[in-house]
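Some notes on the structure that comes next.
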Amino acid sequence: MKVLSGIQPTGRFHWGNYFGAIRQYIALQGNEQSFYFIADLHALTTLRNPAELRQNVSDAAMDLLALGLEPERSTLFRQSDVPEVTELTWLLMTITQMHLLEKCHAYKDKKANGIAADAGLFTYPVLMAADILIYDSDTVPVGADQIQHIEVTRDVAQRFNSLYGETLLLPNAFVLDASAKVPGTDGDRKMSKSYNNTIPIFESPKRLRKLIMSTKTDSKSLEDEKDPDTCAVFSLYRLFATLEQQQELAARYRAGGMGYGEAKQALYDVAMSHFADAFDRRQKLEASPDIVEDVLKEGARRARARAQEVVERVRSACGLLARPV
Ligand code: ADP
Ligand code: TRP
C-alpha cells in the first residue's frame with residue numbers, strides 16, 4: 001500500500017485529530033509507502049501570523065513523533081519542503097473544472113456566510129490533489145470530512161488521464177470509521193479548533209482535567225437514570241476504554257445514582273493512561289529539538305525524490321520539455 005496523509009498545523013492537535021486522523025497514520029506505518037506531512041502551505045489559507053505558523057509546525061512534528069510515528073517506518077516531512085507540489089498544483093489547475101471546486105464545503109460555507117474567499121481557499125482542493133498524486137499514493141487516511149476532497153482528487157486525476165493518457169494513479173480514502181465524529185466539550189458539535197471546543201492532547205494534567213470537567217452534559221440530577229448514547233462524556237470515554245469498561249460505565253449511567261462528575265473523572269483517568277507514554281516521549285523531544293529537525297530533513301529528502309519522478313512524468317505527458325539539468 002502507498003499511504004499518504006497530511007495534517008494542517010493550525011493549532012495544537014486535539015482528541016478529534018488523534019482519533020480521526022493521527023491514530024490511523026500510526027496504524028498504517030511500515031507500508032510500502034507511509035508518507036505523512038505537515039500541511040503548512042494549506043495552513044496559509046487561514047493562518048497569517050508567521051511566528052505562530054513556525055511554532056505550530058514545530059509542535060506538530062513533535063506531537064506526531066511523540067504520539068508514535070516512527071521515522072524508520074514512516075516518512076514525516078513539511079509540505080513546503082517539496083516545492084514540486086506547487087508546480088504540480090499549477091499543472092492540475094489548468095485542467096480542473098470550476099464546478100468541482102465550487103461545490104467544496106470550505107468554500108461553499110464561506111460564501112454562504114457572505115465572506116469573500118481568497119483564490120487560495122478556492123483552489124485548496126487542487127493543492128491537496130497535488131499532495132496526493134505527486135507520490136502515486138493509493139491510500140489516503142482521513143477523517144470523514146475530507147472524503148469530498150479525495151473525490152475531487154480522483155476527478156482531477158481522471159480528467160488529466162483522459163486528456164493526456166494514463167499518467168496519474170487514482171487514490172482511495174481510507175476512513176477508519178466514517179461515523180466516528182469526536183464530539184467537542186460543548187456537547188453537541190464535533191470537536192474542532194473552529195468551534196473552540198477542543199481538548200488538546202498535550203495539555204497539562206490540571207488544564208486537561210478542567211476541560212474534561214467543563215464538558216457539557218444534560219441537567220439530570222445525581223439520582224436520575226442517564227442515557228450514555230446521547231452523552232458527549234460517554235462518547236469520549238468510549239474512544240479510550242475497553243469494551244468491558246464501556247459496558248460497566250454504561251450500566252452505571254442507566255442505573256442512576258451516578259453524577260456526571262464521576263463519569264468525567266473516569267474519562268480523565270483513561271485518557272491520562274492512554275497518553276502516558278506519549279507525554280514522556282514529548283518531554284524528551286522538547287529537550288532535543290535537533291532530532292525533530294533531522295527527521296523532517298530526511299523526510300523531505302525521501303519525499304522529494306519520489307515527487308520529482310512523478311512531476312517529470314506529468315510534465316512530459318502534457319508536453320513540457322524535460323527540465324535541463
Ligand atoms: P479542526 O477541525 O480542529 O480544524 P482539522 O480540520 O485540521 O481539525 O482536522 C485534521 C484531521 O483530523 C482531519 O483528517 C479531520 O478529519 C480529523 N478530525 C478533526 N476533528 C475531528 C473530529 N472531531 N472527529 C473526527 N475526526 C476529526
Ligand atoms: N485538508 C486536510 C485537512 O484539513 C489536510 C491535507 C492537506 C491532506 N493535504 C492532504 C490530507 C493530502 C490528506 C492528503 O485535514
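The values are calculated or read from the model by the stated rules, or taken from the named source; none is laboratory data. Note that the structure is a prediction, hence the values are computed from the model and not measured. Glycine also receives a Cβ, built like all others from the backbone with ideal geometry; neighbour counts cover every protein chain displayed. SASA here: full protein model, heavy atoms, side chains in, ligands and nucleic acids out. Shrake-Rupley method; radii C 1.70, N 1.55, O 1.52, S 1.80 Å.
Here is how the numbers come out for the structure above:
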| quantity | calculated |
| --- | --- |
| Diffusion coefficient, µm² s⁻¹, Stokes-Einstein with Kirkwood Rh over alpha-carbon pairs of the stretch 162-300 at 37 °C and 0.692 mPa s | 184 |
| Gap separating the Cα centres of the stretch 199-221 and the stretch 135-162, nearest whole Å | 36 |
| List 155, 40, 277, ordered by accessible area with a 1.4 Å probe, largest first | 277, 155, 40 |
| Around residue 29: net Lys/Arg minus Asp/Glu count, Cβ-Cβ under 12 Å | -1 |
| Mean separation of Cα contacts under 8 Å (6+ apart) over length of the stretch 203-274, as relative contact order % | 41 |
| Pairwise Cα inverse-distance average, inverted: Kirkwood Rh of the stretch 79-222 (Å) | 17.8 |
| Projected-area mean, the stretch 203-274, by convex hull of Cα positions, square nanometres | 4.4 |
| Summed side-chain charge close to residue 209 - residues other than residue 209 whose Cβ falls under 14 Å, Lys, Arg +1, Asp, Glu -1 | +1 |
| Overall dimensions of the chain by Cα: Rg and Dmax, Å | 21.6, 77 |
| For residue 172, residues with placed amide H under 5 Å, excluding near neighbours | 139, 140 |
| Mean Cα-pair separation over length for the chain, i.e. relative contact order, pairs under 8 Å, 6 or more apart, % | 22 |
| Protein accessible area in the chain, 1.4 Å probe - carbon and sulfur % | 51 |
| Sorted largest first, extent of the stretch 1-101 alpha carbons per principal axis (Å) | 39, 36, 24 |
| Antiparallel bridges, percent of DSSP beta bridges restricted to the chain (to nearest 5) | 10 |
| Calculated from backbone phi, Karplus (6.51, -1.76, 1.60) coupling profile of the stretch 311-325 in Hz, x at Gly/Pro | 4, 4, 4, 5, 4, 5, 4, 9, x, 7, 7, 4, 5, x, 9 |
| Helix-only CD estimate at 222 nm, as mean residue ellipticity for the chain, using -39500 (n - 2.57) per DSSP H run (n ≥ 4) | -16500 deg cm²/dmol |
| Rel. contact order, % - alpha carbon contacts under 8 angstrom, at least six apart, the stretch 134-290 | 17 |
| J(HN,Hα) series, the stretch 21-37, from Karplus relation 6.51 cos²θ - 1.76 cosθ + 1.60, nearest Hz, glycine and proline x | 9, 4, 4, 6, 4, 5, 5, 9, 5, x, 7, 3, 9, 10, 9, 9, 9 |
| Accessible area expressed per residue, the chain, with surrounding protein chains retained (probe 1.4 Å, Å²) | 49 |
| Positive-end residue of 65, 134, 44, charge dipole of the chain with Cβ unit charges | 44 |
